[in-house]
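The values are calculated or read from the model by the stated rules, or taken from the named source; none is laboratory data. These numbers were taken from a predicted model, which means no experiment stands behind them. Cβ coordinates were reconstructed from backbone atoms using ideal geometry, including for glycine residues, and neighbour counts include every protein chain displayed. All accessible areas refer to the heavy atoms of the entire protein, side chains included, with ligands and DNA or RNA removed. Shrake-Rupley method; radii C 1.70, N 1.55, O 1.52, S 1.80 Å.
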Amino acid sequence: MPRLEHVSEAVPKPMRNIRATARPLLFRTGNADTPISTWGTCFLVGRGGRYFAVTAEHLVKKAHSSSVVILPCPKAEKPLSLSRGFTWAEDSSGAYDAIAYEVSVTNLRTVVAKESRIIRLDYLPTYEWEANAFNAMFFLMGYPGDVNSVDYDKGQVLSSQVVLAGRYDGVSDIQGTIHRLIVENPLELSHFYGLSGSPVMCLTPRFCSEPTMAFCGIAILGTPESGLVHFLESKTIVSLLDHAVEFWDGRLPGSQSS
């Protein structure tokens, strides 16, 4: 199904690169009349020489990885091959509301490989952010339902990424691994559906130097009425990836894979 995807070029290159890691999350429905649906955001990361797509677990629920469609960049015509999915055991608090799929990149076209971007999580400074959280500028990048849809008459997926800026508001009352952001809503989105699964980043000021950018976590819920977005912290995501690799390689029994 053809896609129309809005990508803004009027932003600094570092921001373009990090924005490119966030991708719309699509699903194969199995219905001939409505073959594709769009519902949420995912993002691409790398760790230990392997590549992953990460999203909020509540978006995919029990869907098999074969029904999940992730295109790594606007120029991609074929979805990524998602060979495996890994999530923690069921947890109703949302404390572990994340799922990771291992991604195969061996058959990507050259132009797609060049255009695609990942968040590299091999070094602690890339995902360590809490020490200066109250002085940092936070932002998340995702595909809310207000500006993303499928035109079944024309056979087109209409994708548009939104960036919401915010500031840190502390640890959530939900659970200690979940944090709050107070976010701006300049587009006056009527809801935040579709922003679940968005990567949350921050920029921390430095003396006589450019700000440092860090991966802070994954958005899991929020509302325009409250002005809040809750996100699962980055260290939990990194731990999920490490446990996933151990499980897939046969070194960790008893967790869920799909």
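For region 29-40, putting each phi into the Karplus relation 6.51 cos²θ - 1.76 cosθ + 1.60 with θ = phi - 60° gives couplings of 8, x, 9, 5, 7, 10, x, 10, 10, 10, 7, x Hz, in residue order, rounded to whole numbers and with x for Gly and Pro. With distances taken between every two different alpha-carbon atoms, the chain has a Kirkwood hydrodynamic radius of 18.5 Å. Set the Cα radius of gyration of region 27-82 against 2.2 N^0.38 Å, with N its number of residues, and you get 1.20. Tell me the Kirkwood radius of region 203-242: reciprocal of the mean inverse pair distance over distinct alpha-carbon atoms, in Å. Radius from the Kirkwood sum: 12.2 Å.
In this structure the amide hydrogen of Tyr51, modeled in the peptide plane, comes within under 5 Å of the amide hydrogens of Val103, none closer than 5 places in sequence on its chain. Maximal additional length on extending the Asn107-Val147 stretch stands at 11.3 nm, based on 0.36 nm per residue less the C-alpha distance. Approximating the spin labels as points 7 Å out from Cα along Cα→Cβ, the Glu184-to-Thr223 distance works out to 2.4 nm. Taking amide H positions as modeled 1.01 Å from N, with prolines and chain starts lacking one, the residues under 5 Å from Arg120 and 5 or more places away or on another chain are Gly46.
Please say if region 146-186 is rounded, prolate or oblate, where rounded means a/c under 1.5 for a ≥ b ≥ c the square roots of the C-alpha gyration tensor eigenvalues, and otherwise the choice is prolate for a/b larger than b/c and oblate otherwise? In terms of gyration-tensor shape, prolate.
By the compact-protein rule of thumb, 2.2 N^0.38 Å, the alpha-carbon radius of gyration of region 117-258 corresponds to a ratio of 1.18.
Between His58 and Glu130, the contour length at 0.36 nm per residue exceeds the alpha carbon distance by 23.4 nm. The overall shape of region 95-182, judged from the alpha-carbon gyration tensor, is oblate: a/c is not under 1.5, and a/b is no greater than b/c. When both bridge partners sit in the chain, DSSP labels roughly 90% of those beta bridges antiparallel. Each residue was assigned an accessible area with a 1.4 Å probe, and for Ile220 the value is about 10 Å². Under the simplified labelling scheme, the Glu210-Asp122 pair shows an inter-label distance of 1.9 nm, with each label point 7 Å from Cα along Cα→Cβ.
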